[in-house]
Amino acid sequence: MALHTILTPGQLAEAARKFGLPPPDRAQPEPRGRTNTSYHLQVGADRWFLRLAEGKTEADVGFEAAVLGFLFDAHFPVPRLVLATDGRPWTEVAGRPAMLFAFAPGEAVDRAGAGPDRCRRVGEQLGRLHELSAGFTGERENPYGPARLAAWLEEIAASPGIDAEARAALPLLREELAAAAGLPNAPRGLCHGDLFVDNVLWVGDRVSYVLDWEMACIAPFAYDLAVTIDAWCFTNRHEPARVRALVEGYRSRRRLDAATVEALPAWARWAALRFALSRLHATLGPALGPERVVRKDWRRYRDRVTSLRELGADGYRELLGTGARGLTARR
């Protein structure tokens, strides 16, 4: 989330009208994140969340809407998507696809607050998502695949504006991209793709909502699990207690099959590379101030890449708690 497109009061009123609402009494931009433009709307006693999809296609938002509808019907904790008056799950606002969500109560935690107990809860939700995905029929490949990452890397390398630290990291990033040519096959299904700490809301110690499904896709479950482990279980290093709690939570909802366990180390390195490159590439974008966009530190994911290389495949599986045989032994 960010504020790339500034909407006038008239545009906000028109956006609300397209969703069958009166003009908002108050609109507050949400500057966290970097990808989309978002506003909190207050309409009488009700609160809504308006999101403009920056750089997305109708197919992108259509897939996201299908995911949200499927999960909402399955009583998975996603925000309720509001249909526009023409029956579509999105409408056009300022030339961009816009989606409106009912207010999702809850509070995010910071990384320090994401200890083993919360990691276990997140693992439960991820396991449930992957178990539910057998009933989902939509198709969308991961939009952040090798071709896109390779293009990002070339843009970064060609940019005169990157600093010495970024330039020094280029050989490492190139090596990891080359290694990705051998990513293993593994069981696939519906993945969140971005299950970061700030994409989960809590009421007490209970997950109230899982947010931001725009990166959802059909991908190996190993990729989604690796993204989540890296997001929740890495401080200055991977925290074994957090990792094992998250994996135990996952296993309580879905069997962790041997093929996924075997594939996890390679997909973990790919996931770390993907976010290192996306964050570094974002520094090449428009120089918006911190009141409009929050940049995330690409170096944290470079550090994850380095840590995973040092661990190696056997070390990563040990971090999970046991070998493949033990992980698949119980549900």
Worksheet item: Of all strands (runs of 3 or more DSSP E) completely enclosed by segment 1-104, which ones contain at least 2 residues that are surrounded by 19 or more Cβ atoms within 10 Å (Cβ to Cβ) and modelled with pLDDT of 95 or more?
Response: 46-52, 96-102
Item to complete: Considering (1) over 21 Å from the mean Cα position of the chain (by Cα); (2) surrounded by 15 or more Cβ atoms within 10 Å (Cβ to Cβ); (3) on the phi > 0 side of the Ramachandran plot, say which one Ala169 fails and leave the rest.
Response: (3)
Item to complete: Take segment 125-150 and flag every residue that is without any contact (Cβ under 8 Å) to a residue 24 or more places away in the chain and basic (Lys, Arg).
Response: Arg148
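Conditions (1) in a helix (DSSP H, G or I); (2) of a type outside the set (Lys, Arg); (3) at pLDDT below 95, marked per residue:
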residue: Arg118; (1), (2), (3): yes, no, no
residue: Gly127; (1), (2), (3): yes, yes, no
residue: His130; (1), (2), (3): yes, yes, no
residue: Ala134; (1), (2), (3): yes, yes, no
residue: Pro143; (1), (2), (3): no, yes, yes
residue: Leu153; (1), (2), (3): yes, yes, no
residue: Pro160; (1), (2), (3): no, yes, yes
residue: Leu170; (1), (2), (3): yes, yes, no
residue: Tyr209; (1), (2), (3): no, yes, no
Worksheet entry | All positions within segment 203-253 that are touching a strand residue (DSSP E or B) at 6+ places or on another chain (Cβ under 8 Å), within 15 Å of Pro265 (Cα to Cα) and either hydroxyl-bearing (Ser, Thr, Tyr) or surrounded by fewer than 19 Cβ atoms within 10 Å (Cβ to Cβ) (or both) | Tyr223
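The values are calculated or read from the model by the stated rules, or taken from the named source; none is laboratory data. In this text the structure is predicted, and so the values were computed from the model without any measurement. Reconstructed Cβ throughout: ideal geometry from the backbone, glycine too, with neighbour counts over all protein chains shown.
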